[in-house]
Each structure stands twice: as C-alpha cells, then as structure tokens.
Amino acid sequence: IAGAAWATLIAWFVSILGLILWSFRTLRATPWHLDVRALQEVTRLGLPLAVQRILGVLGFLLFSIVLGWCGEAHLAAHALVLRIVSVSFLPGYAIGEAASVLVGQSLGAKKPERATEAWWMGTQLAIAVMTGCALLFITAPELWLTPFKPSPEVRLLGIQLLLIAGVFQIFDAVAMVGLSCLAGAGDTRFSMFTTITCMWLFNLPLALLLSWVMGWGAPGAWCAMTAEIFAIAVICWWRIRSGHWMKHYEGMAF
C-alpha cells in the first residue's frame, strides 16, 4: 500500500511538471491582469462543479461505509470490481471530456447543431466502447478476477458485481457523456442538482435498504447504483434533447 501511494504521488508530480513545461512559453508571453468578468464566469461555472464533485465523493464514501457494515468480503469485492470496471469507465470518461470540448467550441462558434452532433457522436462512441467491455465482464468474469487471487467468498461476490456492472455500462456511457456535455455548454447547475439528487435522495437510501436492511450486501448496493446511473442517463438525455442546455451559454463573458 505504501509503495502504491508513493507511485501515485510521483506520477502526479511528473504530470504536473509536464503540464508546466508544456505551457510555460505560452503563459510567459501572456499578460497578467485581473479580468473581473472572466473571474465571475469561472466562478459561476466552476462552483457548481466543485460542489458536485465534493458531495459526489462524500456520497461514495458513505456508500462504501454501508458496504463495510455488510462485511469485509463485500467491501473487498466492491473495491476489487471498481478497479476492474475502470477499464471501461476511464475510456468512456475520456470520450465525454472530448465531447465536452467540442460542445463548447461549437457553441462558442454559434453553431448549436454541431454541439448536438458532438454529444450524439460522443454518446455512440462511448456506448460502443463500454458495451464491448460489458460483454467481457459478463462472459468472462473469472478472467478479470483471477489475477487478484481473491478468497472464494470475494470471488463469488465479484462475479455477481461484474454481471451487474455489465448491465449498467450502456447507461453509464450515456450519463458520463451527457454530464460532460452539459458542463461544456455551461449548464453546470443543472448537472449539479441532477447528480446530487440522484446520489443522496435515491442511491444512498436504496443502497442502505437493499444491502443492509434486506441483507443483499454488495450486490444490493450495486443494484441501487445501477438505478442511480439509469436515472442520470435518462435525465441527461431529456435535458439535451429538449435544447434547454444550450441557453446557459448565451451572455457569457468569453
């Protein structure tokens, strides 16, 4: 654990150093002055995202605590499968970030049809990538779990969680790209309220009920998480299809 922590710290340091070196020439040539309007826009857009991330991390921490009440094996299976599922989640997240940039560029160029196209193409690409991973999770769960050498109980729980993960991959792709594109369009307050509501008023109570009260353990909690992801995906899809998400880009300082 200590070695992994040091490796993570070194990796972050190298990445930050690389970013500084890459941008140093441009930053050095840029005049430094306080732009109040720009600062206001950064705050208006960034504050909801900050609240969303903070409450999201806190909610997921409570989610893990609930799993800890169910036993060490359930918490271990949860942590293990999360690492495996990141193979699918991280490419989907990257596609969402790319779509977000294209949405912002398109709206800045006053071409809303291109923003919608960027969202739709990003969603299709994320679905394709994450569906491929879902098929591997469902058809070969043992292949993913064996390198970790889990105990028999953790292995059995891990197989169940991988099957559940395979089910929510498509919804997760829609949700991730949708949330990223909403942020790219400046609709960060709606994104914040959506994620906070689904996490705190939907996922956590349902996870507590299914995993601890009803005794389903980690599979019950992951069913609650699947319901949360599905709800976010549906809400994001509706928001973008309605066209309301683009109105927040009007009147910005940039």
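Suppose we keep only residues that are open to solvent by 20 Å² or more (accessible area, probe 1.4 Å) and not acidic (Asp, Glu) within the stretch 88-99. Which one would you say is nearest to ILE159 (Cα to Cα)? Of everything passing the filter in the stretch 88-99, PHE89 is nearest to ILE159 (Cα to Cα).
The condition of being assigned to a helix (DSSP H, G or I) and at pLDDT 95 or above holds for ALA218.
Of all residues in the stretch 14-43, those satisfying the criterion of being within 30 Å of PHE190 (Cα to Cα) and either outside any helix (DSSP H, G or I) or in contact (Cβ under 8 Å) with a residue 24 or more places away in the chain (or both) are LEU34, ASP35, ARG37, ALA38, GLN40, GLU41. VAL213 meets the conditions (1) of a type in the set (A, V, I, L, M, F, W, C); (2) more than 16 Å from the chain's Cα centre (by Cα); (3) under 17 Å from LEU82 (Cα atoms) in every case but one. The failed one is (3). Restricting PHE230, PHE202 to those that are open to solvent by 20 Å² or more (accessible area, probe 1.4 Å), touching a helix residue (DSSP H, G or I) at 6+ places or on another chain (Cβ under 6 Å), modelled with pLDDT of 95 or more and at negative phi reduces the list to PHE230. Sub-8 Å Cβ pairs linking a first residue in the stretch 1-13 that is over 16 Å from ARG83 (Cβ atoms) to a second residue that is open to solvent by less than 100 Å² (accessible area, probe 1.4 Å) and outside any helix (DSSP H, G or I), at least 6 apart or interchain, number zero. A residue that is over 30 Å from GLY220 (Cβ atoms) and in a helix (DSSP H, G or I) occurs nowhere in the stretch 150-164. The helices (runs of 4 or more DSSP H) found wholly in the stretch 67-149 and carrying at least 2 residues that are farther than 24 Å from VAL174 by Cα and not β-branched (Val, Ile, Thr) occupy 72-108, 141-145. Return a yes/no flag: does the stretch 77-87 have any residue that is of a type in the set (A, V, I, L, M, F, W, C) and open to solvent by 90 Å² or more (accessible area, probe 1.4 Å). No, the stretch 77-87 contains no residue that is of a type in the set (A, V, I, L, M, F, W, C) and open to solvent by 90 Å² or more (accessible area, probe 1.4 Å). Out of the residues in the stretch 102-135 that are of a type in the set (Val, Ile, Thr) and either touching a Ser or Thr at 6+ places or on another chain (Cβ under 7 Å) or over 17 Å from CYS236 (Cα atoms) (or both), state the one that is surrounded by the most Cβ atoms within 10 Å (Cβ to Cβ). Of everything passing the filter in the stretch 102-135, VAL129 is surrounded by the most Cβ atoms within 10 Å (Cβ to Cβ).
Of all the criteria given as (1) within 14 Å of the chain's Cα centre (by Cα); (2) of a type in the set (Gly, Ala, Ser); (3) over 24 Å from VAL167 (Cβ atoms), the one not satisfied by ALA115 is (1).
Selection of first residues in the stretch 90-118 that are within 15 Å of LYS247 (Cβ to Cβ) and of second residues that are of a type in the set (D, E, K, R), restricted to Cβ pairs under 7 Å at least 6 apart or on distinct chains, gives the following pairs, ordered by first then second residue: SER106/ARG114.
The values are calculated or read from the model by the stated rules, or taken from the named source; none is laboratory data. No experiment lies behind these values; they were computed from the predicted model shown. Here Cβ is always computed from backbone atoms with ideal geometry, including for glycine, and neighbour counts include all displayed protein chains. Remember, those area values only see protein heavy atoms, side chains included, never the ligands or the DNA or RNA. Shrake-Rupley method; radii C 1.70, N 1.55, O 1.52, S 1.80 Å.
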